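The values are calculated or read from the model by the stated rules, or taken from the named source; none is laboratory data. Predicted, not measured: the structure shown is a model, and the values here were computed from it. Every residue, glycine as well, gets a Cβ built from its backbone with ideal geometry; the counts of neighbours run over all protein chains shown. Please note that ligands, DNA and RNA were not included when accessible areas were found on the heavy atoms of the full protein model with its side chains. Shrake-Rupley method; radii C 1.70, N 1.55, O 1.52, S 1.80 Å.
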Amino acid sequence: MGDRGVLTVISGFAGTGKGTIVKGLMEKYDNYALSVSMTTRSPRPGEENGKSYFFVSREEFEKTIEEDGLIEYAEYVGNYYGTPKAYVEEKMKAGFNVILEIEIQGARNIKKIYPDAVLIFIMPPGADELEDRLRGRGTETDDVIRKRMDRAALESDGIEDYDYIAVNDEIDKCVSDVHTIIEAAKMRPQMNEEFINKVREGLKKKASR
Ligand code: 5GP
């Protein structure tokens with residue numbers, strides 16, 4: 001069977017806990033690699049360069065675009081965000097499932113470039129729960145929470161562009177659901193062409209005897 005990793009896009013509204021799900025996957029299984037994006041936005045408290053993001057200037061970002069160093073990039077709320085190419089290619093070849101935690105425009109672009117990529121949208125159990133979680137963080141003003149809820153309403157129109165949804169009701173369950181989706185994706189015929197051809201050739205040889 002094929003041993004190339006699956007390129008996996010994970011998206012979800014702010015507050016759905018997609019970061020926690022990705023962290024859970026990395027901790028529970030050893031065949032995942034998380035791609036670190038490049039961005040022009042400023043680091044938030046606690047964010048480290050090279051871990052959360054590669055924080056760069058607009059000039060550096062545009063230079064990387066020109067050098068064809070990004071698989072995809074998008075402008076989101078006034079800043080550039082993009083996926084560095086080299087890391088993704090290298091890790092997939094080495095058999096890791098590479099996770100991209102990106103927004104919807106990026107997800108659509110990835111599907112065009114890598115048709116075998118698996119797009120997963122992490123859903124909250126409901127709209128009330130999402131609002132409760134955003135309020136529960138206790139760090140944001142009412143105005144910011146309203147903006148995030150408005151954005152979620154807009155983003156919800158794009159969910160059907162994804163291959164799967166996973167509901168983050170209970171974290172462990174959601175982590176194992178996402179893992180199941182990715183493992184199943186490896187069993188698609190297009191991920192196993194070499195193996196299928198080998199068996200098919202063997203069968204055809206036997207059939208002509
Ligand atoms: P934040 O500023 O909250 O970290 O991220 C804003 C949005 O940009 C999130 O939806 C996040 O998933 C998305 N994002 C992060 N990295 C990338 C990337 O490399 N490409 C794209 N298209 N979106 C990204």
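Among residues of segment 101-116 that are in a helix (DSSP H, G or I) and within 12 Å of the ligand (Cβ to nearest atom), those with a Cβ under 8 angstrom from a residue that is open to solvent by 80 Å² or more (accessible area, probe 1.4 Å) and not basic (K, R), sequence gap 6+ or separate chain, pair up as G106/Y73.
Select from segment 193-208 the residues that are within 19 Å of D3 (Cβ to Cβ) and either open to solvent by 80 Å² or more (accessible area, probe 1.4 Å) or modelled with pLDDT under 95 (or both) and list them in ascending order. Selection gives E193, E194, F195, K198.
Pairs meeting the criteria (first residue in segment 65-81 and within 13 Å of F54 (Cα to Cα), second residue among the small types (G, A, S) and near the ligand (Cβ under 9 Å from one of its atoms), beta carbons under 6 Å, at least 6 apart or on different chains) are L70/G82; Y81/S37; Y81/A74. C174 meets each of the listed conditions (1) touching a residue at least 60 places away in the same chain (Cβ under 8 Å); (2) within 16 Å of the ligand (Cβ to nearest atom) apart from (2).
The set of residues from segment 117-151 being assigned to a loop (DSSP other than H, G, I, E, B) and of a type outside the set (V, I, T) comprises A117, P124, P125, G126, R137, G138, E140.
Residues that are open to solvent by 40 Å² or more (accessible area, probe 1.4 Å), more than 10 Å from the ligand (Cβ to nearest atom) and hydroxyl-bearing (S, T, Y) were ranked within segment 45-91; the one that is modelled with the highest pLDDT is S57. In segment 13-36, the qualifying residues are those that are assigned to a strand (DSSP E or B) and open to solvent by 10 Å² or more (accessible area, probe 1.4 Å), and the one that is farthest from S156 (Cα to Cα) is Y32.
Residues in segment 1-12 that are among the aliphatic types (A, V, I, L, M), buried (at least 19 other Cβ atoms within 10 Å of the Cβ) and in a loop (DSSP other than H, G, I, E, B): V6 alone.
Among the residues of segment 153-170, just one is over 17 Å from the mean Cα position of the chain (by Cα) and in contact (Cβ under 8 Å) with a residue 24 or more places away in the chain, namely D169. Here D163 meets each of (1) more than 21 Å from V6 (Cα to Cα); (2) at pLDDT 95 or above; (3) of a type outside the set (A, V, I, L, M, F, W, C) with one exception, condition (1). Please go through segment 171-189 and give me each residue that is exposed (fewer than 11 other Cβ atoms within 10 Å of the Cβ), in a helix (DSSP H, G or I) and under 20 Å from the mean Cα position of the chain (by Cα), ordered by number. Once the filter is applied, which keeps residues that are exposed (fewer than 11 other Cβ atoms within 10 Å of the Cβ), in a helix (DSSP H, G or I) and under 20 Å from the mean Cα position of the chain (by Cα), segment 171-189 yields only D172.
If you go through segment 128-144 and pick out every residue that is open to solvent by 50 Å² or more (accessible area, probe 1.4 Å) and under 22 Å from the mean Cα position of the chain (by Cα), you end up with 1. Return the residues of segment 117-146 that are touching a residue at least 60 places away in the same chain (Cβ under 8 Å) and hydrophobic (A, V, I, L, M, F, W, C); say none if nothing qualifies. Within segment 117-146, A117, V118, L119, I120, F121, I122, M123, L130, L134 qualify.
Residues in segment 130-162 that are in contact with a helix residue (DSSP H, G or I) (Cβ under 8 Å, 6 or more places away or on another chain) and within 20 Å of V118 (Cβ to Cβ): E155, G158, D161, Y162.
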